[in-house]
1. Scan region 158-170 for residues that are modelled with pLDDT under 95 and open to solvent by 70 Å² or more (accessible area, probe 1.4 Å) and jot them down.
2. From the list Gly177, Gly170, exactly one residue is assigned to a loop (DSSP other than H, G, I, E, B) and either touching a residue at least 60 places away in the same chain (Cβ under 8 Å) or within 21 Å of Val91 (Cα to Cα) (or both). Which is it?
3. Could you please give the count of residues in region 101-133 that are within 14 Å of Leu71 (Cα to Cα) and open to solvent by 20 Å² or more (accessible area, probe 1.4 Å)?
4. Out of region 171-183, which residues are under 17 Å from Glu145 (Cα atoms) and either open to solvent by less than 100 Å² (accessible area, probe 1.4 Å) or β-branched (Val, Ile, Thr) (or both)?
5. Taking only region 142-157 into account, find how many residues are part of a strand (DSSP E or B) and buried (at least 18 other Cβ atoms within 10 Å of the Cβ).
6. Tally the residues that are in a strand (DSSP E or B) and either of a type in the set (Ser, Thr, Tyr) or touching a residue at least 24 places away in the same chain (Cβ under 8 Å) (or both), restricting the search to region 99-120.
7. Collect the residues in region 44-61 that are free of Cβ contacts under 8 Å to residues at least 24 places away in the same chain, assigned to a strand (DSSP E or B) and not hydrophobic (A, V, I, L, M, F, W, C), keeping them in residue-number order.
8. Considering only region 121-162, state which residues are out of contact with any Asp or Glu (no Cβ under 8 Å at 6 or more places or on another chain), charged (D, E, K, R) and touching a residue at least 40 places away in the same chain (Cβ under 8 Å).
Amino acid sequence: MYITVVCPQCEDETDHEVLKEAPGDLLVRCTVCGATYHVPVPKERLINVKAIVSMEEESIVGSVELLEDDLVSVGNTLVAEFGDGEEVVSVEVTSIEVGDRRVRLAKASEIPTLWTRVIEEVVVKASVHHGAKTIPLYQQCEGEEPFVVDEVYTFGDVRFRISHIKMRTGQMLRKEGWKTVAKKIKRIYGNKI
């Protein structure tokens, strides 16, 4: 195990290997200069940050447990709890509220609310072209289910070949064989077979 503390030899914050643990005390060795000495056990405080968890049609209020010094950024994957901690889900941070503004990165202790979306199961949206007509389709999928450009899929009773995939980041996957997972997809475009 490693911790980061100020080394008295280096006079700087460095990584230290924990050699021995005792109640309230750690024997550590600096990975930079090799000095060995005792330090008090660092007091890491856990805090619960309010999380708005979006589950497609509905949103619920839950919480995410973080260390107060943790840095959280948009796109991070975290575990949210709700229902008195009885239910837990994997979520992706979509927005961070600090005061009256939204930011992309913040320290956990500064965050009153995280806006998140469930990524264990997501609804994948598809626009499938059939001649001059476009068919909108929706399919419930596991967040890690793969989708590949130029491969054939079936949503409901409609079979189609993926022509391109629009990512949540704005990027467009167009080349044959390019792939991604359901939780990263904004919309799939394809042609009916």
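The values are calculated or read from the model by the stated rules, or taken from the named source; none is laboratory data. Fair warning: this is a prediction, and the values are worked out from it, not measured in the lab. A quick note on method: Cβ atoms are made from the backbone with ideal geometry, for glycine too, and the neighbour counts reach across all protein chains shown. These accessible areas exclude ligands, DNA and RNA; they are computed on the full protein's heavy atoms, side chains included. Shrake-Rupley method; radii C 1.70, N 1.55, O 1.52, S 1.80 Å.
1. Arg168, Thr169
2. Working: Gly177 fails: either touching a residue at least 60 places away in the same chain (Cβ under 8 Å) or within 21 Å of Val91 (Cα to Cα) (or both).
From the options Gly177, Gly170, the qualifying one is Gly170.
3. Matching residues across region 101-133 total 7.
4. Let us first name the residues in region 171-183 that are under 17 Å from Glu145 (Cα atoms), namely 173, 177-183.
Leu173, Gly177, Thr180, Val181, Ala182, Lys183 - these are the residues of region 171-183 that are under 17 Å from Glu145 (Cα atoms) and either open to solvent by less than 100 Å² (accessible area, probe 1.4 Å) or β-branched (Val, Ile, Thr) (or both).
5. Here is the first cut: in region 142-157, the ones part of a strand (DSSP E or B) are 142, 146-148, 152-155.
Now drop any that are not buried (at least 18 other Cβ atoms within 10 Å of the Cβ), which leaves 147, 153, 155.
Total satisfying the criteria: 3.
6. Selection size over region 99-120: 9.
7. Asn48, Glu58, Ser59
8. Selection gives Lys125 alone.
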